[in-house]
Amino acid sequence: MSELSALKSALAAEQAVVYGYGVVGAHLSGAPRRHAMDRLTKHQTRRDEISALITASGAVPPGGLPAYRLPFPVDDPAAARRLAGSLEDGAAGAAWDLVAATASRSPARRLAVGWLADAAVAASRWGAPPAPFPGRP
Amino acid sequence: MLTHLSRRSILGLAALGLAGCKAGSSAASGRAEPDAAALVAARSSEAVLVAACMATGLAGEAVVHRQHLAALGGTETVPTTLNTPARSAVRALLRDNADKLRSAATGAVDGSTAALLASIAAAHEVAARE
């Protein structure tokens, strides 16, 4: 996978995660909701950073979809937390791919390495079982 | 649009062709030579973590570190005498090791090696917070 392809895939992943966190936040309250909103903000920032990297490479960042089908029904806080864990798990996968596709010490590599750890920690915080190799296909 | 899926397909990402896009062998064989030093260092750290976890009674975590060691192409050796560390010391070791692995992942020449090192760093980061 080329770096540009990986960036576009990562952008698509982050666009989906941002959408998903909107759903997550709608089903939570109090501290968990605040945490979901913090994660939403973080992923919005990440999405924008990836978009900027794509633009800097001379390509046009693809836009997100208006809506995404959820992997399972989300109608209570427990399902929302599970969705959040799934979103972070997916974000870790996109980060893995981006790390693998980028050049040594490139800006995208540096960012993706940090994103992988961040997503793994967040997934764990949402109650996802720890993975021996976060993000690995 | 889509249903659930593989770890990386999250919401609708399967439609974007992500599935199977990554070769990502975790075996150490065939890795680029320039990353040999990073792999040796990572294997050494994992072996220490295996020993530290066993000495501390963290058998479950030791299993994970053995998996890391194997993915890095290492084999466990009988540890030399290891004082029983406090669990807090193991956590500190994990955090320190995660920092080093992230740095190694950033500099790795081979993409598969970089991803593996970054992933292990992430796992250590998670474990350090538990």
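The values are calculated or read from the model by the stated rules, or taken from the named source; none is laboratory data. These numbers come from a predicted model, not from an experiment. Methodologically, a virtual Cβ is constructed for each residue, glycine included, from the backbone with ideal geometry; neighbour enumeration extends over all protein chains shown.
Each row is one residue, and each column tells you yes or no for (1) more than 14 Å from every other protein chain (Cβ to nearest Cβ); (2) without any contact (Cβ under 8 Å) to a residue 60 or more places away in the chain; (3) more than 22 Å from A:Asp118 (Cβ to Cβ).
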position	(1), (2), (3)
B:Val50	no, yes, yes
B:Leu69	no, yes, yes
B:Pro85	yes, yes, yes
B:Ala92	yes, yes, no
B:Val109	no, no, yes
B:Ala123	no, yes, no
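The one condition from (1) more than 7 Å from chain B (Cβ to nearest Cβ); (2) within 26 Å of B:Ala62 (Cα to Cα); (3) surrounded by fewer than 24 Cβ atoms within 10 Å (Cβ to Cβ); (4) modelled with pLDDT of 95 or more that A:Pro129 does not meet is (4).
Residues B:Leu82, B:Leu11: which one is at pLDDT below 50, part of a loop (DSSP other than H, G, I, E, B) and aliphatic (A, V, I, L, M)? Before you say what the answer is, go through the steps one by one.
Numbers: B:Leu82 fails: at pLDDT below 50.
Exactly one residue qualifies, and that residue is B:Leu11.
Per the conditions (1) at pLDDT 95 or above; (2) under 20 Å from A:Ala131 (Cα atoms); (3) in contact with a Leu (Cβ under 7 Å, 6 or more places away or on another chain), the sole criterion not satisfied by B:Ala128 is (1). Among the numbered conditions (1) under 14 Å from B:Ala118 (Cα atoms); (2) free of Cβ contacts under 8 Å to residues at least 24 places away in the same chain; (3) surrounded by fewer than 21 Cβ atoms within 10 Å (Cβ to Cβ), the only one that A:Arg109 does not meet is (3).
Within the stretch A:75-93, take every residue that is small (Gly, Ala, Ser) and in contact with a Ser or Thr (Cβ under 9 Å, 6 or more places away or on another chain) and give me the one that is farthest from the other protein chains (Cβ to nearest Cβ).
Keep residues of the stretch A:75-93 that are small (Gly, Ala, Ser), which gives A:78-80, A:84-86, A:90-93.
Among the residues that remain, those that are also in contact with a Ser or Thr (Cβ under 9 Å, 6 or more places away or on another chain) are: A:85, A:90, A:92-93.
Numbers: A:Gly85: 11, A:Gly90: 3, A:Ala92: 7, A:Gly93: 3 Å.
Restricting to residues being small (Gly, Ala, Ser) and in contact with a Ser or Thr (Cβ under 9 Å, 6 or more places away or on another chain), the top hit is A:Gly85.
Looking only at residues of the stretch A:44-66 that are part of a loop (DSSP other than H, G, I, E, B), surrounded by 11 or more Cβ atoms within 10 Å (Cβ to Cβ) and of a type in the set (Gly, Ala, Ser), we find that the one that is farthest from the other protein chains (Cβ to nearest Cβ) is A:Ser57.
When A:Val18, A:Val23, A:Val99 are checked against the criterion of being closer than 22 Å to B:Val126 by Cβ and within 16 Å of the chain's Cα centre (by Cα), A:Val99 stands alone in meeting it.
Conditions tested, residue by residue: (1) at pLDDT below 95; (2) not charged (D, E, K, R).
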{"position": "A:Ser2", "(1), (2)": "yes, yes"}
{"position": "A:Leu7", "(1), (2)": "no, yes"}
{"position": "A:Gly20", "(1), (2)": "no, yes"}
{"position": "A:Gly25", "(1), (2)": "no, yes"}
{"position": "A:Glu49", "(1), (2)": "no, no"}
{"position": "A:Phe72", "(1), (2)": "no, yes"}
{"position": "A:Asp76", "(1), (2)": "no, no"}
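In this entry, A:Gly85 is excluded by the filter for residues that are surrounded by 24 or more Cβ atoms within 10 Å (Cβ to Cβ), closer than 24 Å to B:Glu125 by Cα and under 16 Å from the mean Cα position of the chain (by Cα).
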